[in-house]
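For reference, the structure is listed below as structure tokens.
The values are calculated or read from the model by the stated rules, or taken from the named source; none is laboratory data. Given the structure is predicted, the values throughout are model-derived calculations rather than measurements. Here Cβ is always computed from backbone atoms with ideal geometry, including for glycine, and neighbour counts include all displayed protein chains.
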Amino acid sequence: MTLRLMLAFASTLFGVAAQAGEVTVAVAANFTTPMQQIAKAFEQDTGHKALLAFGATGKFYAQIKNGAPFAVLLAADDETPTRLEKERLTVAGTRFTYATGRLALWSKLPNLVDDQGEVLRSKSFEKRGIYKIAIADPKLAPYGAAAMDVIQRMGVQTNVMPKLVQGESMGQTYQFVSTENAELGFVALSQISIDGRITQGSAWVVPQSMYTPLKQDAVLLNAGKDNAAAHALLKYLQGDTAKAIITRYGYAL
Amino acid sequence: MGMNLSAEDFQTITLTLQLASVTTMLLLLLATPVAWWLAHTRSVWRAPVASLVALPLVLPPTVLGFYLLVALGPNGPIGQFTQWAGWGTLAFSFWGLVLGSVVYSLPFAVQPLVNAFEAMGSRPMEVAATLRASKWDAFFSVAVPLAKPGFVMAAMLSFAHTVGEFGVVLMIGGNIPDKTRVVSTQIYGHVEAMEYSQAHGLAGVMLVFSFVVLLGLSWFNHRSTSHSNTRHQKAGA
């Protein structure tokens, strides 16, 4: 019995060791926290190790084009992976949407943001103590473009535009609001919530019908073509464990 | 390489030059007394103050920018002061960038001045004092002319370093056209948005500018040292 257990244990160990590999992943900055957890679970479940690099999708694009050794890209949009695909820098047929981002209007101050976003219709922002509204640069970040969609759809450009300040990424936009240098800001729901609860301040979770869907695509890059760990990770991202973590952090699937 | 400079690119160039000019002027005013003190004091505070002034040389701009962002915010010490003074908060404004640039380029203004004042020695001021020149008079009519190469170098380095500033602006600027969007952040935006040809245009301008400034400094240095050498030779002869 003991012997058999030991043998079973050894074979498991051996089995894992035989196929344990490493995969280098470029991860969009907004997906940092969930990905760290997914990588941990992935390592426990498969024995493969995922080395994560976090950053702006545009920067990853430039690096991948110039030979960066990333095997997998988890982008902040669906455009960049599509573009890489067209440029034949990815393995055909491996692209899929791993998460759909959700936009929130957020303030560090309690009660400033109502659950309909009516605060954006304020006649005078100054009177309500609002001097700056942060968004991510619409040219660089899909969340920024989505925020512009919402502002336009609500027809509040005239009042809102002069108050806008732009972060170069979602991380920076979040920083502007969390240090209260901007009283209001459009951030990723994933940055301010856990298990469907806003962690601090006040927020309006913008209905998804008000902006172009924030599809975030994953793709296998040429460097990962023959990497078993890379293939396993892409499969794992579509499994239940990963999906549970992804939704926990405020993403839709 | 095509020069695809748009109207917005030119706007960032103008703003950058304004920022660098204002910063350089403020820095010369601020750095002169600090450098004078550092060059002459025997206080135990000399080493700590010199290290504090040199900090921006070694700290990553993101650290400076992050501290500034927190300090400028409504709950930070600078933010509390500016609100009390009725100026609101300074982040995302031209004057916020000026403040950040002054901190960031401080060592580049102070160090050449300290060197110049130290090289001058205490003789000229002592001679001026025996001629009954007041301290201020002696400073402006003796020390400043003697330290002129130091002032020129401090001004050129501060200006060039501010033009090349990126991390701090990125952290506290907010990328507002005509207010806080400078050349370096505009280049970054072009690169991130994959507009490589526009990025090339502006980056080229930046490269040429930086080279010309360094070349100018090099020439100026060479000229002023060879001048003082000939002066010494004449005096020796």
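Of note:
- Within the range A:152-168, if we keep just the residues that are out of contact with any Ser or Thr (no Cβ under 9 Å at 6 or more places or on another chain) and either over 16 Å from A:TRP204 (Cβ atoms) or surrounded by 24 or more Cβ atoms within 10 Å (Cβ to Cβ) (or both), the residue that is nearest to the other protein chains (Cβ to nearest Cβ) turns out to be A:LEU164.
- Scanning the range B:46-74 for residues that are outside any helix (DSSP H, G or I) and either within 14 Å of chain A (Cβ to nearest Cβ) or surrounded by 13 or more Cβ atoms within 10 Å (Cβ to Cβ) (or both) yields a total of 3.
- Annotation note: of A:ALA188, A:ALA182, the sole residue that is in contact (Cβ under 8 Å) with a residue 24 or more places away in the chain, touching a Ser or Thr at 6+ places or on another chain (Cβ under 9 Å), among the aliphatic types (A, V, I, L, M) and away from chain B (no Cβ under 14 Å) is A:ALA188.
- Listed by position, the helices (runs of 4 or more DSSP H) enclosed by the range A:82-181 that each have at least 2 residues that are in contact with a strand residue (DSSP E or B) (Cβ under 8 Å, 6 or more places away or on another chain) and within 26 Å of B:GLY189 (Cβ to Cβ) are A:142-154, A:170-178.
- Checked against (1) buried (at least 22 other Cβ atoms within 10 Å of the Cβ); (2) more than 11 Å from chain B (Cβ to nearest Cβ); (3) more than 16 Å from the chain's Cα centre (by Cα); (4) aliphatic (A, V, I, L, M), A:MET148 meets all criteria but (1).
- A:THR199 meets each of the listed conditions (1) over 18 Å from A:LEU120 (Cα atoms); (2) more than 14 Å from chain B (Cβ to nearest Cβ); (3) buried (at least 21 other Cβ atoms within 10 Å of the Cβ) apart from (3).
- All positions within the range A:182-232 that are in contact with a helix residue (DSSP H, G or I) (Cβ under 7 Å, 6 or more places away or on another chain), assigned to a loop (DSSP other than H, G, I, E, B) and not polar (S, T, N, Q): A:ALA182, A:ASP195, A:VAL206, A:TYR211
- The range A:58-108 - residue that is of a type in the set (Ser, Thr, Tyr), surrounded by fewer than 18 Cβ atoms within 10 Å (Cβ to Cβ) and over 27 Å from A:GLN175 (Cβ atoms) and, of those, nearest to the other protein chains (Cβ to nearest Cβ): A:THR82
- Scanning the range B:84-95 for residues that are away from every other protein chain (no Cβ under 11 Å) and either over 20 Å from the mean Cα position of the chain (by Cα) or not in a helix (DSSP H, G or I) (or both) gives B:TRP84, B:ALA85, B:GLY86, B:TRP87.
- The residues on offer are A:ALA145, A:ALA141, and the sole one that is touching a residue at least 60 places away in the same chain (Cβ under 8 Å), closer than 30 Å to B:TYR196 by Cα and out of contact with any Pro (no Cβ under 7 Å at 6 or more places or on another chain) is A:ALA141.
- Note on the range A:127-145: residues that are within 10 Å of another protein chain (Cβ to nearest Cβ) and over 19 Å from the mean Cα position of the chain (by Cα) amount to 3.
- One residue alone among B:GLN111, B:GLN18, B:GLN11, B:GLN80 is of a type outside the set (Val, Ile, Thr), more than 19 Å from B:VAL168 (Cα to Cα) and under 15 Å from the mean Cα position of the chain (by Cα), and that residue is B:GLN111.
- Residue match in the range B:184-200 (condition: modelled with pLDDT of 90 or more, more than 14 Å from chain A (Cβ to nearest Cβ) and within 23 Å of the chain's Cα centre (by Cα)): no
- Neighbours by Cβ (under 6 Å, 6+ apart or cross-chain): first from the range A:104-132, not assigned by TED's automatic domain parsing to the domain that holds A:THR179 and aromatic (Phe, Trp, Tyr); second loosely packed, with under 12 Cβ neighbours inside 10 Å and modelled with pLDDT of 90 or more: none
- Wholly enclosed helices (runs of 4 or more DSSP H) of the range B:96-172 bearing at least 3 residues within 14 Å of chain A (Cβ to nearest Cβ), surrounded by fewer than 18 Cβ atoms within 10 Å (Cβ to Cβ) and at pLDDT 95 or above: none
- For the range A:169-190, the criterion of a residue being more than 18 Å from A:ASN111 (Cβ to Cβ) and surrounded by fewer than 18 Cβ atoms within 10 Å (Cβ to Cβ) is satisfied by no position.
- B:SER43 vs. criteria in contact with a Phe, Trp or Tyr (Cβ under 9 Å, 6 or more places away or on another chain), part of a loop (DSSP other than H, G, I, E, B) and away from chain A (no Cβ under 14 Å): yes
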